[in-house]
Structures are given as structure tokens and as C-alpha cells.
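Here is the structure we will look at.
No value in this document is a laboratory result; all are computed from the given coordinates. As the structure is a prediction and not an experimental result, all values here were calculated from the model. For neighbour counting, all protein chains shown are included, and Cβ atoms are generated from backbone atoms with ideal geometry for every residue, glycine included.
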Amino acid sequence: MGEILDVVVVGAGPGGVAAALTAHRRGCSVVCVDKARFPRDKTCGDGLTTGALRALEALGMTRAELDATGLAEVRETVLVSPAGRRVTLPLPSDRGMYAAVVARRDLDAALVALATRHGVDVREHCAVEKVAHQAHEVELLLADGDTLRARHVIAADGHWSTVRRALEPDAPRDLGEWHAVRQYFAGVDDDRLWVLFERDLLPGYAWVFPLPGGGANVGYGVLRAHGRRGRDLKALWPELLARPVLRDVLGPNARATAPVRAWPIPTRYDPARLANGRVLFAGDAAGVVDPMTGEGIAQAIESGARAADAVATGEVPDAVSARYRRSVTRSLGRDLQFASALQTLLRSPRGARIAIAAAGLTPWTRRNFARWMFEDYPRALLLTPDRWRRGAFSTPGAYAVT
């Protein structure tokens, strides 16, 4: 049966790599498995917030390595209200990087390469078939017939978590509170990041996220409500693309370069679902996605690293689970709950208009709204005094030259 590892990480996306690297650096024996071969596509908006960029830097990814993925740095964002008002939000240009766009196919492959280079045993094309809790370990049967045994498992295997389905076969399938559609384009004239609050999408929005060489990730996210199914939402895409506001942003030379892809976004954060016995869940598998923006990369890295930290304590399973829940609640849970409450403001056209008007009142509000939107500091920082510290609102971006 082989050795008993300290931890097996299932999933080699941002959350899984963060968990595996952190566990390895804490001295744990760790194996990371993923059913895919990298590079592989992950349907996503591809946006990296300040929080995500800082997390990548903390994991050890250099600016040169990040640039090699085909990164497009964002210096300016344009918000469009349901009435058509446009507000331009600048980001600092001389204090590091605050926002960027990188195709997940390239970002995730670079993360796997980073983990491997640092000595993590990453096994690609290695699907998990069965998961069994034993008295003092967890056994995972792999598709190739091999069995891994570990004192703990960190499941960072996405919204449709194979590990969760194996442990909770009778649990209802979570279709996700949000649904999103994405398509890649070339020949886009404008290299700014656009967020368009169309009346029928609220509290969701459409986006145009720039990629190098005139490319763009174009899509929209919307609440899965009023009986709307995935195919209904996907059918809206051609009509949305034809709207003047979006055609104006894309320009006359824009052309699709990839098929339309649709996916659910798990935003139902519940601390009780962070652990099941010796298994901890991270990233999309834990539902730690921002319910206001759909951002999940920073949260995946944060939760993966905190899961590894909890496992590295070497305590009994109940204590590890409790430590992990407290850690995630403190670092992410309050911000996710605050974002969920703010989402109600954007449910009506009037609320969206007021929010965008407030963001554009002065140069100061424009600069600081952009930094708040891109998670330069925690969403609920003002409401959580235990996180107040000098300089909390003036921290440099990621990869700042010191």
C-alpha cells in the first residue's frame, strides 16, 4: 500500500498548488494529483485582482514568470451604468501591479511548473476514483489502479468536487448561485478593462477583459434565478454581443477566436462545508468565491494555503478542521458575507446607477473605488477593526520595485 503521506492534494489549480507548496514548505510529505494534463483550459474570466497578484508573488512566482504567461496589465477600468453613464477608474501606475488578465490555461500551467520546480510531487492525468475514510488515514484509489494513503486530504478539485461527491453521495448537486458565459476575441480596439451593468443582467454584469495583442476575454455573469437554466443563459449570448454598448467597446474588427463556454460559479460560502473528517476543501470546492464579482483565484490560493497550514499543525482531525474553519472565517468569510450583502444594492438599475455615480464623484473616489474593487484591501476592512493597521489603505501593489 506504500507510505502514509501527511497530505494528498486533489486538484492542481491555484488552490491546489497553494496547498501543496505550503504543505511542502512546512515540512509535510505531499503528493498533488489532477485528472488533467497541463496546460488545460479552465473556464474563467481570467482576471487577477491585487489580492490574487500578491498571493502569486507570495507563492514564489516571479514577475518574469508571470509575464511569460501572456499577462496583460490593467491600468484603467471603465464602468458603464444601466443608463449608459461611463466612469473611468485609474489604478496606480508607479507602485506595483494592481490588476491583470492572464488566460487560465497559461496561468495554471505556470503554477504547476512552479510547484514541480520547488520539489512538489505533482501527478497529472491522475484522476481520483474512490475516497475512503479510515480510522487514522484517508485512502484514495486512482484511475490507474494506484492507491494513495494520507493523514489528511485537501480537496481543491473545483465546483463539481469528485472528493465531495465520494464522501457525500446523497448531498444535492449544487448548481451554483451564479452562471457565467465566456468567449475569446481578437481584434479588440480598446485595451482597458470594461464592466457593463446591463439592466437585464443585474446584479450581474458583462465584461471585456483585455489580453495582449488586441485579444480579450468577453463574457457575462448573472444570477441563476427565476427558473433560468444554463442553456437559457447561454442562448442570451448572441443577443448580448449585438447590443450597441458592447459592439462599441469591441470595435469593428473584433472576431471570436474560440467557442462559447458556460459554467456555474459557486458562491454559497458555508463554514460547515469546509471540512469532512480528515478532508479539507479549498477554492471552488469550498465555495469561497466573491458573490459580488465572481472572483475566485485569490480566495482559492488563500484557502489552499490555510488548509495546508492547518494540516501542518499535526493535531487530531477535529482540531485541524476547527483551526481551518476559524482561519478561513477570519481571512475570507467576513468579506464574502459583506460582498453578498452588497450584491443586493446592484439588483436594481437605480442601485447600480447610484453606486457607479458615487464611484465617479471625484478623482479620489475613482482611484479608491478601483482599488477596493480589485481587492487591494479586504472588502469588509472598515467593518472589522481587528484587521486595522497603519498603511492598510496605501499598500503597494504586487511586484512593487523597492
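Could you size up the charge dipole of the range 178-265 around its Cα centre, putting +1 on the beta carbon of Lys and Arg and -1 on that of Asp and Glu, and report it in debye to the nearest 20?
Computed charge dipole of the range 178-265: roughly 420 debye.
Tell me, 141, 89 in order of fewest to most beta-carbon neighbours within 10 Å?
141, 89
Sequence gap at least 6, Cα distance under 8 Å: using those rules, report the relative contact order of the range 178-265 to the nearest whole percent.
Computed over the range 178-265, the figure is 46 percent.
Give the order of 209, 197, 369 when sorted by the count of other beta carbons within 10 angstrom, beginning with the fewest.
So the ranking, lowest neighbour count to highest, is 369, 197, 209.
In the P(r) worked out for the range 178-265, what percent of Cα pairs fall beyond 23 Å?
17 percent
Which whole-number value in Å³ per residue fits the convex hull of the alpha carbons of the range 276-393?
About 113 Å³ per residue, rounded to a whole number.
Taking the chain as a Gaussian network, Cα atoms linked when under 10 Å apart, which of 199, 387, 273 shows the biggest mean-square fluctuation?
Greatest mean-square fluctuation among the candidates belongs to 387.
Connecting C-alpha atoms closer than 10 Å in a GNM of the chain, tell me which of 46, 309, 248 has the biggest fluctuation.
248
For the chain, build the charge dipole from Cβ charges (+1 Lys, Arg; -1 Asp, Glu) around the Cα centre, then report which of 84, 301, 102 sits farthest towards its positive end.
84
Could you give the dipole magnitude of the chain about its Cα centre, charging the beta-carbon of Lys and Arg +1 and that of Asp and Glu -1, in debye to the nearest 20?
1160 debye
For the chain, find the longest principal axis of its Cα atoms and tell me its angle to the long axis of helix 14-25, 0 to 90°, nearest 10.
Its long axis makes an angle of about 40 degrees.
Give me the one-decimal nm value for the distance between modelled label points at residue 344 and residue 242, 7 Å along each residue's Cα-to-Cβ direction.
So the label points at residue 344 and residue 242 sit 3.7 nm apart.
Can you tell me the dipole magnitude for the range 1-127 around its Cα centre, using point charges on the Cβ only (Lys, Arg +1; Asp, Glu -1), in Debye to the nearest 20?
The dipole magnitude comes to about 300 debye.
Would you mind ranking 265, 301, 354 by Cβ crowding within 10 Å, fewest neighbours first?
Ranking 265, 301, 354 by Cβ neighbours within 10 Å, fewest first, gives 354, 265, 301.
Report, to one decimal in Å, the Kirkwood hydrodynamic radius for the chain based on all distinct Cα pairs.
21.6 Å
Only Cα pairs under 8 Å and at least 6 apart count here; give the relative contact order of the chain as a rounded whole percent.
Taking the mean separation of contacting Cα pairs over the length of the chain, I get 23 percent.
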